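What follows is a single structure, written as C-alpha cells, with notes after it.
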Ligand SMILES: NC(=O)c1ccc[n+]([C@@H]2O[C@H](COP(=O)([O-])OP(=O)(O)OC[C@H]3O[C@@H](n4cnc5c(N)ncnc54)[C@H](OP(=O)(O)O)[C@@H]3O)[C@@H](O)[C@H]2O)c1
C-alpha cells in the first residue's frame, strides 16, 4: 500500500536494482521517515505510475531503463540540465502535485570523480561510449568545465552524432544564458589503440560509459597497448563486477580508480536531497559508508 512517504524506482527489468537497498539504508541513517520499493513498470504502465505520484500516493520516483526518455513528455516541468541531456532519472512531486524531472546521473558522476581525485574543471577527458550513460557523462563534463572532451565509440558515427548534439545543446544553453561551463573542445574517435594514443596521453580523466565489462570480468573497453599512468583518474560506470578489468589495469599502471558504485551513491544522494531537502552533514564520509554498505 502506497503512503505519502513512499518512493519507488521504476524500470523494466528492475529486480537487479541496488537502489532499494541503498535508499533504505540512507533513509534509516538520516532518520528520514520514508519507504522505497522497486516497481517493474513497462511502457504501458508509465502513465499510470506518474498519475499515482501526481495524486500523492508516491512522493517521487527514480527512473531507470528503459524509461529515462519516455518519461519526459509525461512531466509538468523538466530541470534545464535534464532537458539538455534529454533524459530524466528522478521525478519529484512538488507542492500542489507538479511533477518535475531531474537528471542526477550527471552530477553524481562529477561528485564521484571529484571524490576520487579527478576534478573536471579544466580537465581533458577521454569518454568511452556514446549511449545514454555517455550522454549524461558528456554533459557532466561540459557543465563542470572540462576543456577537452574526446568521445570514443565502437561505432564512431554514433560518437559524431552525440558530439553534434552536445555542440548544439551547449550553443542553445549559452544563447539562453542558462548555467553552462566554459567552452570545450569536442572531438570523436573510434575505439582503437591507434586513434586513442594521443587523447589518452593528454587526458587526466578517463570514463568508461560503455557496457563493456558488465558481467564480463575479463573484458576491457580500452584497447590493449594503451598506457594508463599516475596522471589518470579512471572511472568505470560498470559496477558488476566492482573491480572491472579496466579498473584493475588502471590500478596496476598507477592510475587512480573510481568504481561505478560511487556514481550510483552520489546520484542517489542528489535524489534524496531533491525529494526531502535532507543532506548529510559530511557528504563525502556518508557516501563512503553508503558505498561500504553496498559492497
Ligand atoms: N554507475 C552508474 O550509476 C551508472 C549509471 C548509468 C549507466 N551505467 C552503466 O553504463 C553502461 C552503459 O549504459 P547505457 O545506458 O549508455 O547503454 P547503451 O545506451 O546501450 O550504450 C552502450 C554503449 O556501450 C558500447 N558497447 C556495447 N558493447 C560493446 C562492445 N562489445 N565493444 C565496444 N563497445 C560496446 C556501445 O557502443 P556502440 O554504439 O558501438 O554499440 C555504446 O556506446 C551500462 O553498463 C550501465 O549499467 C552506470
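Any read-out appearing in this document is the output of simple, stated calculations on the displayed coordinates, not a laboratory observation. As the structure is a prediction and not an experimental result, all values here were calculated from the model. Neighbour counts are summed over all protein chains in view; Cβ atoms, including those assigned to glycine, are modelled from backbone coordinates with ideal geometry.
In what sequence do 236, 220 fall when counting other Cβ within 10 Å, fewest first?
Ordered from fewest to most neighbouring Cβ atoms within 10 Å, 236, 220 come out as 220, 236.
For 259, 48, what's the fewest-to-most ordering of other Cβ within 10 Å of each Cβ?
48, 259
By how many degrees, between 0 and 90 and to the nearest 10, does the Cα long axis of helix 283-294 differ from the longest principal axis of the chain?
90 degrees
What shape does the stretch 44-104 take by its C-alpha gyration tensor, where a ≥ b ≥ c are the square roots of the eigenvalues and a/c under 1.5 counts as rounded, a/b above b/c as prolate, and the rest as oblate?
The shape class here is oblate.
To make sure I understand, if each residue's beta carbon is the centre and we count other beta carbons within 10 Å, what order do 242, 58 fall in, fewest to most?
242, 58
Classify the stretch 1-107 from the C-alpha gyration tensor, please: rounded if a/c falls under 1.5, else prolate or oblate depending on whether a/b exceeds b/c.
Rounded, since a/c falls under 1.5.
So what's the angle, to the nearest 10 degrees on a 0 to 90 scale, between helix 193-202 and the longest Cα principal axis of the chain?
Its long axis makes an angle of about 80 degrees.
What's the angle, to the nearest 10 degrees (0 to 90), between helix 105-115's Cα axis and the longest principal axis of the chain?
Approximately 60 degrees, to the nearest 10.
Please give the contour-minus-distance gain from residue 284 to residue 31: 0.36 nm per residue of separation, less the Cα-Cα distance, rounded to one decimal in nm.
89.3 nm
Using alpha carbon centroids, what distance separates the stretch 27-43 and the stretch 52-112, in Å?
For the stretch 27-43 versus the stretch 52-112, the Cα centre distance is 15 Å.
Under the definition of Cα pairs under 8 Å and six or more residues apart, what whole-number percent is the relative contact order of the chain?
16 percent
Going by a ≥ b ≥ c, the root eigenvalues of the Cα gyration tensor, does the chain fall in the rounded group (a/c under 1.5), the prolate group (a/b larger than b/c) or the oblate group?
Because a/c hits 1.5 or more and a/b exceeds b/c, the chain counts as prolate.
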